[in-house]
1. In whole Hz, what ³J(HN,Hα) sequence does segment A:125-131 give by Karplus (6.51, -1.76, 1.60; θ = phi - 60°), x for Gly and Pro?
2. If you roll a 1.4 Å probe over the heavy atoms of the protein chains, what accessible area per residue do you get for segment A:5-332, in Å²?
3. Which whole-number percent gives the relative contact order of chain B, counting Cα pairs below 8 Å spaced six or more residues apart?
4. Looking at chain B as a GNM with Cα springs under 10 Å, which of B:Arg316, B:Arg73, B:Arg19 has the largest mean-square fluctuation?
5. Along Cα→Cβ, 7 Å out, is where each label goes; now give me the distance between the ones at B:Asp320 and B:Thr217 in nm to one decimal.
6. For segment A:209-264, which trypsin sites (Lys or Arg not before Pro) are in a loop by DSSP, counting at most 15 other Cβ atoms within 10 Å?
7. Which distances in nm, rounded to one decimal and ordered from shortest, link the label point of B:Arg297 to the equivalent label points in the other identical copies, with labels set 7 Å from Cα toward Cβ?
8. Sorted from shortest, what are the nm distances separating the label point of A:Ala263 from equivalent points in the other copies, each placed 7 Å from Cα along Cα to C-beta?
2 protein chains.
Amino acid sequence: MTPRIDALQYANWSEKIFRQMRAGGVDAVHVTITYHETFRETVLNIEGWNRWFERFPDLIFQGFTAEDIDLARQTGRTAIFFGSQNPSCIEDDIGLVEVLHRLGLRFMQLTYNNQSLLASGCYESEDTGLTRMGREVVAEMNRVGLVVDMSHSGERSTLDAIAQSTRPIAITHANPASWHPALRNKSERVLAALAESGGMLGFSAYPHHLRGGGDCTLVEFCEMVARTADLMGVEHIGIGTDLCQDQPDSVVDWMRTGRWTKARDYGEGSADNPGFPPMPEWFHDNRDFGRIEAGLREVGLSPTEVAAIMGGNWARFFADSFGPAQPLRREAAQ
Amino acid sequence: MTPRIDALQYANWSEKIFRQMRAGGVDAVHVTITYHETFRETVLNIEGWNRWFERFPDLIFQGFTAEDIDLARQTGRTAIFFGSQNPSCIEDDIGLVEVLHRLGLRFMQLTYNNQSLLASGCYESEDTGLTRMGREVVAEMNRVGLVVDMSHSGERSTLDAIAQSTRPIAITHANPASWHPALRNKSERVLAALAESGGMLGFSAYPHHLRGGGDCTLVEFCEMVARTADLMGVEHIGIGTDLCQDQPDSVVDWMRTGRWTKARDYGEGSADNPGFPPMPEWFHDNRDFGRIEAGLREVGLSPTEVAAIMGGNWARFFADSFGPAQPLRREAAQ
């Protein structure tokens, strides 16, 4: 049996949610542990996770390698893999890439909407591609096995990252812009380059990424997945729900503005829709993964294809991505 | 063949020293990576070590478990295990114990000469034993597998730590005070309690800890080791040279004063002997471990006893000490 994996969640974590992960048969989740936080603040967030792991060892544990997906299945738990949605956690210090990888960071976005030290975000009017430091950090991420995630990056920066990275990258939570033209969704050019390089796209269930928002039906969502399988190849797609369960609206304000502005920024929202949007009726929490799986079968995907999309592809990607690039390591030592 | 292990060095690291480790057949070294540094500064030191590991992968690598001693022997390298000589690196945050253990910290002194947040140092006039936070941190160190090291602590604090710790502790670098009554050397009461609890003493070759200072002969040193074997049991002793090779005297000033005083503090030195003291002629660098080994045989210790002292005992202690205390972990989760 193939595992069930969600490549992006940022919930207001609780025992209830961990129990829902088990009820939904979710074997591994890539969770966002930090956005705009400094390194020290990120470590405080890791300390918070360590408390969860200590309190609920029968439900969750920290995942470091793809083998932990198997361990999760064997022991009836969910493996939690850490990720960052912005490079604030490495500050201006490339040495923190290896340190955070040692602490379990497995994905890092080069940008979150705005320009970062590394690349341009999808909300900037100018996208200058990878910066000087961006190219160095991508090489270091490649070396240690920290996945480049371009979910919130601009088009040129994303194409740059795909080209520069010596290992496949990920867009953990976004949908095709051809289906729903949101700034956060990705062009066919990006998706084709991503697939060609061996990368992965995780489909988002976040309403701002859905055609029709929260009114998008499960069939519409699953038909979009099936079409993208035709475009990218079924082996390059998975799930990355962007589930922000039980978060107060103050959190989406923090996600959008961090400390970069004193004004309000609505991000994907708007003045008349400033908070977290209501989720589609077919996906409220981790117990609903079975509904997506059933929906994918109903739009004509084969059991093998559905298993690959629901977790098999991410499991393969995790196995290929989280360890050191041994040959490169030796070259770097010359 | 048993391994050769040094339980304390703080050298001015260089390729030369790493090559001397290999020439001396040293399989594992506990290196001090931090004294008075904050958490962030300690991480910068780890980043510096990561650069060494990347530059000299054929000579050294970071050790995390006792199996890495075997790996070192099999691959002709030296496993480097991290330690701290003061708890400054955890600041006032018990959560940093687990974080630093994840980054590879395997020993932490509760004090460095002065009072800390955790205990009293051996240079304080009053020793109040473990503090409230000290008792909590010892329990957390026990839980994750970070060894309590009391080399620079006061008598009462050391006895407290031995009694409070649920796992054996270490005094990585000190000698018996009955042989040389330095403040840093340990009373027979401490040594007996240490041995009874399953702990380990590492014999120091640092001149201030030697009878006669740098003029101490190898025979005198080895006879002291043999007498301590009679006192503690040969299974509780090893080597912890306190080698501070190639360090400028500015470093011993930093070790002694950190940021706690604007005045000068001579620590174990004095106004007319302020710097690093000259080493004894029989121990200048890692290539001299064979001389100690030969010296121990010459004072009548058996080959089995010598092998235990030169590394076998530390290897057993590493194996017992560096992993999580599984049963306690579950109890803590209640």
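The values are calculated or read from the model by the stated rules, or taken from the named source; none is laboratory data. All figures in this text were calculated on a predicted structure; none of them were measured in a lab. We place every Cβ from the backbone using ideal geometry, glycine too, and count neighbours over all the protein chains shown. In case anyone asks, the SASA skips ligands and DNA or RNA and just uses the protein heavy atoms, side chains included. Shrake-Rupley method; radii C 1.70, N 1.55, O 1.52, S 1.80 Å.
1. Karplus-based 3J(HN,Hα) across segment A:125-131 equals 6, 10, 10, 9, x, 5, 7 Hz.
2. Counting only protein heavy atoms, the per-residue value for segment A:5-332 is 36 Å².
3. Numbers: 681 pairs, mean separation 68.0, N = 334.
Result for chain B is 20 percent.
4. B:Arg316
5. Taking the two extended label points, one gets 3.6 nm.
6. Qualifying residues, ordered by number: A:Arg259, A:Lys262, A:Arg264.
7. When each copy's label point is compared with this one, the spacings are 7.2 nm.
8. List, nearest first: 5.7 nm.
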